[in-house]
Structure formats: structure tokens, C-alpha cells
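Asker: Quick one: this structure, given as C-alpha cells, is what I'll be asking you about.
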């Protein structure tokens, strides 16, 4: 068990550019979550996948945000036409949910995005 | 909707003091409850959890008891250390509707002085 990994750890970009972040979950986990965290706040849920299916995406912040998990393993989060307000920490988490088991999430270290 | 309310920080203590961080929740279903800890510059780490009423989660000297009657899950530690300085998040996962969309509190910063 190598834990959840995220890449890159830090990203600095100019306003208007597109950025893509990658998350590799714990290998046997079937659920993968994306969150945004701003300074002094708790994680804000964005979207999640069960295997390759995106089951909830209504909380993505705008249509500039999109996520994929093409083969049910790693996932990518893309932000198009970045704005300064997108500057935040983007967290990924994974969990194994089978039947009625508790959804215990394990978090990656996050990707810190700075939009200039 | 679901919500989690934590006491505002920062909480500042001397080493070996007793710690309590209050957490209350509202949920439509019968949630599982969690405490996560975040050290500076890092992601969240699961500290402890409880899945049903009167369960006590514990880890590294921290404890929290799931109190359904008061909808609370307060975090306690008998003797804090400088290394416990971090931000603590209370969270719930509500299986109502099968979505499990988690809800986090805003976090409580703990500062422990030698």
C-alpha cells in the first residue's frame, strides 16, 4: 500500500491557461474523490467516481472544471481558462466501498495551484 | 442538508494539557463520523472514526465518542504534545441515498507550546 499520490505537488500558471492534475489512488480502491481546499477552510467536495463512472459532478465549480477516470484507476482533474480565484489546494482521496461498508477516505498530499 | 460545525480556533495549549475540540453535526441519514488531522503543507490523514451510536474511535491517544442524542463527536486527548500542533477536521459520511458525499467542518487549529 503506497498511499494516494498526486502530481504535480505545486503548479504555478498564468491566468487563462489550462492545467491538469493527476491522482493515483490506492490500488484496490474503487472510489476516487476530488476536493478543493482554500486557506482556513475544510475540503470542499467537487466530484467522485465509482470505478470509471462519475457519479456526482453537479458540484464542480463551473463548466471550466472537468474530471476523468478512464480505466477506473488514476484520475485527472482539468481546469480550463484558469482564473485567479482558482488558486487553492486540490485534494484527491480514495476509498473502498463494498455493500454497506463505511466510506473511509484516504487523502493524497494535494496539488497547490497558484494562478498569477 | 448535512452540516458539520466545529469550534473556532486557534486552540492554544501548553504541553501535557487536556484537549477538547467540539464537533456537532446534522445529517439526514445515519452517518459515519471521522476526525482528520492536517499537518502544515500536507494532505489530510485519518485520525479516528466511529460508525454507530456510542462507538468510541481512538488513535494515538485521541478519542471521540459518537453521541447520537446530542449529535456530537467531540475530540479529546488527555495530554497533548508539541507534535500534535496541526489543524483538525471533523467530517461525516452519510449513506442516505447511496451517495456518501462527505461533509467537512472548517477545521480547528491546535497550537501546543512547550
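Asker: Specify which of the listed residues (A:91, A:98) is within 14 Å of chain B (Cβ to nearest Cβ) and either part of a loop (DSSP other than H, G, I, E, B) or farther than 23 Å from residue A:5 by Cβ (or both).
Answerer: A:98
Asker: Considering only segment B:57-107, state which residues are within 14 Å of chain A (Cβ to nearest Cβ), surrounded by fewer than 21 Cβ atoms within 10 Å (Cβ to Cβ) and closer than 13 Å to residue B:22 by Cβ.
Answerer: B:106 - this is the single residue of segment B:57-107 that is within 14 Å of chain A (Cβ to nearest Cβ), surrounded by fewer than 21 Cβ atoms within 10 Å (Cβ to Cβ) and closer than 13 Å to residue B:22 by Cβ.
Yes or no, residue by residue, for (1) within 12 Å of residue A:22 (Cα to Cα); (2) more than 16 Å from the chain's Cα centre (by Cα); (3) exposed (fewer than 14 other Cβ atoms within 10 Å of the Cβ):
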site	(1), (2), (3)
A:74	yes, no, no
A:89	no, no, no
A:96	no, yes, no
A:115	no, yes, no
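Asker: Related question: Return the residues of segment B:1-21 that are in contact with a strand residue (DSSP E or B) (Cβ under 7 Å, 6 or more places away or on another chain), surrounded by 14 or more Cβ atoms within 10 Å (Cβ to Cβ) and in a loop (DSSP other than H, G, I, E, B); say none if nothing qualifies.
Answerer: Hits for segment B:1-21 are B:2, B:7, B:9.
Asker: Hey, another quick one. Keeping to segment A:52-79, report how many residues are within 14 Å of chain B (Cβ to nearest Cβ) and modelled with pLDDT of 85 or more.
Answerer: Within segment A:52-79, residues that are within 14 Å of chain B (Cβ to nearest Cβ) and modelled with pLDDT of 85 or more number 3.
Asker: Hey, among A:9, A:81, which residue is at positive phi and surrounded by fewer than 18 Cβ atoms within 10 Å (Cβ to Cβ)?
Answerer: None of the others qualify; the one that does is A:81.
Asker: Please state which one of A:76, A:47 is farther than 24 Å from residue B:5 by Cα and not in a loop (DSSP other than H, G, I, E, B).
Answerer: A:76
Asker: Here's a follow-up. Does residue A:36 count as touching a residue at least 12 places away in the same chain (Cβ under 8 Å), within 14 Å of chain B (Cβ to nearest Cβ) and assigned to a loop (DSSP other than H, G, I, E, B)?
Answerer: Judged against the criteria, residue A:36 is not a match.
Asker: Next question. I'd like the residue in segment B:30-48 that is more than 10 Å from chain A (Cβ to nearest Cβ) and exposed (fewer than 15 other Cβ atoms within 10 Å of the Cβ) and, out of all such residues, is nearest to the chain's Cα centre (by Cα).
Answerer: Per the stated criteria, the residue is B:39.
Asker: Name the one entry in A:19, A:4 that is surrounded by 14 or more Cβ atoms within 10 Å (Cβ to Cβ), in contact (Cβ under 8 Å) with a residue 24 or more places away in the chain and in contact with a helix residue (DSSP H, G or I) (Cβ under 9 Å, 6 or more places away or on another chain).
Answerer: A:19
The values are calculated or read from the model by the stated rules, or taken from the named source; none is laboratory data. These figures come from a predicted structure and were not determined experimentally. Reconstructed Cβ throughout: ideal geometry from the backbone, glycine too, with neighbour counts over all protein chains shown.
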